[in-house]
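Asker: Here it is, the structure in full.
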């Protein structure tokens, strides 16, 4: 089965991130790769929700993280047994399935313990005198393992501790061997030796097994019944029957009740630590209800993770869905500066200096001769218009403009009217619900030397709402700065019509002396003509902060 491939944008996804993921997954599907699915690493912002609802497109699936979990490396159809299983049958299970560890479960499917083939052999083969002679089993299980038939007595299910003696000697020698043992604990095996059979019956042993398929000697059946001796006839020779009798011991005598377990939803790294440091040969994975889900051994750590990623609209792991650093990345489609991690294999990597990732994706449709359907064309158009602020942003290139003309024909939309609808419907702070959600909806972290800073951006139509909320936004910025352990937290409030940004800053008060833009009031700067965080704001802040 092919791996599942997720096309996913950055955290705090914007319209370009979500639209490029959906459109690129659709392109892969059109090319026959049906295992490719669009995903997002956070909740869509109000603008993106508006576009998806307007176009009637379902949002991508939400991935909170992609850290490999225990459920991704275990076989969810584990081989198990119950504690009453005879050792003979348990060994058959080990052999049939080629396993080294066998979980023992209760009636409800919850694990009671483990039986390791290695430890089982140690207990069975390396044992004291009593273990070599002792047989712990019920009469029913003994008869079953011996393929025997009851000549007298009846099967019982109570496990008894019996002492096994082989009657392969003269009656006098045999009798001296069993002196000192309680007859009620004796299991005697012999072939067609009348003297041994009779001596065992007269002594009143618990069980007499006649091997080789032989019957009881004449007249002894009645005497056995009188003495209360159970007699089983087995078709096996005495040596084989003795081995089978010891294998009739139920498995609960060998179960390791102390075992490591882990939930299926726990990170794979937790499993790795348990396997490497617990000293146990295996870890039992359990479902939420406590029932067994599978068995993990060290070889499970080598299992292939069943999904891979295609990153769109970013290439830095710090901006990617949590866990991306340990998952195979197949492709990157982006329009930002490079900060990508190394990969183990060559991958497709496209990072074009354009205003939107949707421009790159739309170009791939055109280059491959695949016409996007009307909804996909409109979605791509929305992504370009959003990231370039209706082609007004300084990040806009001639390629963006060309792609917009190509897309609006296929979407049946005028890009200016559509763009104004997008920003008018979802601009401002109220659409986000709370000041913190507005700031964090498109908030990204950056580094300038030893200085950590973050910048969010909100597009508005006029600054009235901003000035009403200014003090609340500043206090919220301070909390974001502390929570994210930043030296500076800033918010760009960009008016798409006047093409002016008001920059609210919290931290690094000395910025005022070298900012290079007018300070309207403490903590607030006016940046006329600045609309792009990527191309204008962040490069300027990097230059300024390096001077401090």
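The values are calculated or read from the model by the stated rules, or taken from the named source; none is laboratory data. No experiment lies behind these values; they were computed from the predicted model shown. Please note: Cβ atoms are built from the backbone with ideal geometry, for glycine as well, and neighbour counts cover all protein chains shown.
Asker: Of all the residues that make up region 430-444, how many are over 18 Å from residue 9 (Cβ atoms) and touching a strand residue (DSSP E or B) at 6+ places or on another chain (Cβ under 6 Å)? Full working, then the answer.
Answerer: So in region 430-444, the residues over 18 Å from residue 9 (Cβ atoms) come out as 430-439.
Checking which are touching a strand residue (DSSP E or B) at 6+ places or on another chain (Cβ under 6 Å) leaves us with 438-439.
Qualifying residue count for the region: 2.
Asker: Out of (1) crowded, with 18+ Cβ neighbours inside 10 Å; (2) in contact with a helix residue (DSSP H, G or I) (Cβ under 6 Å, 6 or more places away or on another chain); (3) more than 20 Å from residue 18 (Cα to Cα); (4) free of Cβ contacts under 8 Å to residues at least 60 places away in the same chain, the odd one out for residue 448 is which?
Answerer: Looking at each condition in turn, residue 448 falls short on (4).
Asker: Also, I was wondering about something else. Return yes or no: is residue 95 part of a loop (DSSP other than H, G, I, E, B) and either touching a strand residue (DSSP E or B) at 6+ places or on another chain (Cβ under 9 Å) or more than 23 Å from residue 267 (Cα to Cα) (or both)?
Answerer: No; evaluated as a whole, the condition is false for this residue.
Asker: With (1) out of contact with any helix residue (DSSP H, G or I) (no Cβ under 9 Å at 6 or more places or on another chain); (2) part of a loop (DSSP other than H, G, I, E, B); (3) at pLDDT 90 or above as the list, and residue 179 as the residue in question, which single condition is left unmet?
Answerer: Among (1) out of contact with any helix residue (DSSP H, G or I) (no Cβ under 9 Å at 6 or more places or on another chain); (2) part of a loop (DSSP other than H, G, I, E, B); (3) at pLDDT 90 or above, the lone unmet condition for residue 179 is (3).
Asker: Assigned by TED's automatic domain parsing to the domain that holds residue 23, touching a strand residue (DSSP E or B) at 6+ places or on another chain (Cβ under 8 Å) and at pLDDT 90 or above - does that describe any residue in region 388-405?
Answerer: Yes: region 388-405 contains one or more residues that are assigned by TED's automatic domain parsing to the domain that holds residue 23, touching a strand residue (DSSP E or B) at 6+ places or on another chain (Cβ under 8 Å) and at pLDDT 90 or above.
Asker: To continue, here is another question. Examine region 456-476 for a residue that is over 21 Å from residue 14 (Cβ atoms) and within 33 Å of the chain's Cα centre (by Cα), and state whether such a residue exists.
Answerer: no
Asker: Yes or no: region 347-362 includes at least one residue that is outside any strand (DSSP E or B) and without any contact (Cβ under 8 Å) to a residue 24 or more places away in the chain. Reasoning before the result, please.
Answerer: First, pick out the residues of region 347-362 that are outside any strand (DSSP E or B): 347, 352-362.
After this cut, where a residue has to be without any contact (Cβ under 8 Å) to a residue 24 or more places away in the chain as well, the list is 347.
Yes: one or more hits.
Asker: Identify, please: which residue in region 424-439 is touching a helix residue (DSSP H, G or I) at 6+ places or on another chain (Cβ under 7 Å) and farther than 22 Å from residue 390 by Cβ and is, among those, surrounded by the fewest Cβ atoms within 10 Å (Cβ to Cβ)?
Answerer: Filtering region 424-439 for residues that are touching a helix residue (DSSP H, G or I) at 6+ places or on another chain (Cβ under 7 Å) and farther than 22 Å from residue 390 by Cβ, the one surrounded by the fewest Cβ atoms within 10 Å (Cβ to Cβ) comes out as 436.
Asker: Being without any contact (Cβ under 8 Å) to a residue 24 or more places away in the chain and either buried (at least 20 other Cβ atoms within 10 Å of the Cβ) or part of a helix (DSSP H, G or I) (or both), is that true of even one residue in region 376-394?
Answerer: Taking region 376-394 first, the residues without any contact (Cβ under 8 Å) to a residue 24 or more places away in the chain are none.
Scanning region 376-394 turns up no residue that is without any contact (Cβ under 8 Å) to a residue 24 or more places away in the chain and either buried (at least 20 other Cβ atoms within 10 Å of the Cβ) or part of a helix (DSSP H, G or I) (or both).
Asker: Follow-up question, since we're still on this one. With more than 25 Å from residue 354 (Cβ to Cβ) and either in contact with a strand residue (DSSP E or B) (Cβ under 6 Å, 6 or more places away or on another chain) or part of a helix (DSSP H, G or I) (or both) as the only criterion, which of 58, 53 stands out?
Answerer: Working: 58 fails: either in contact with a strand residue (DSSP E or B) (Cβ under 6 Å, 6 or more places away or on another chain) or part of a helix (DSSP H, G or I) (or both).
Criteria check complete, one pass: 53.
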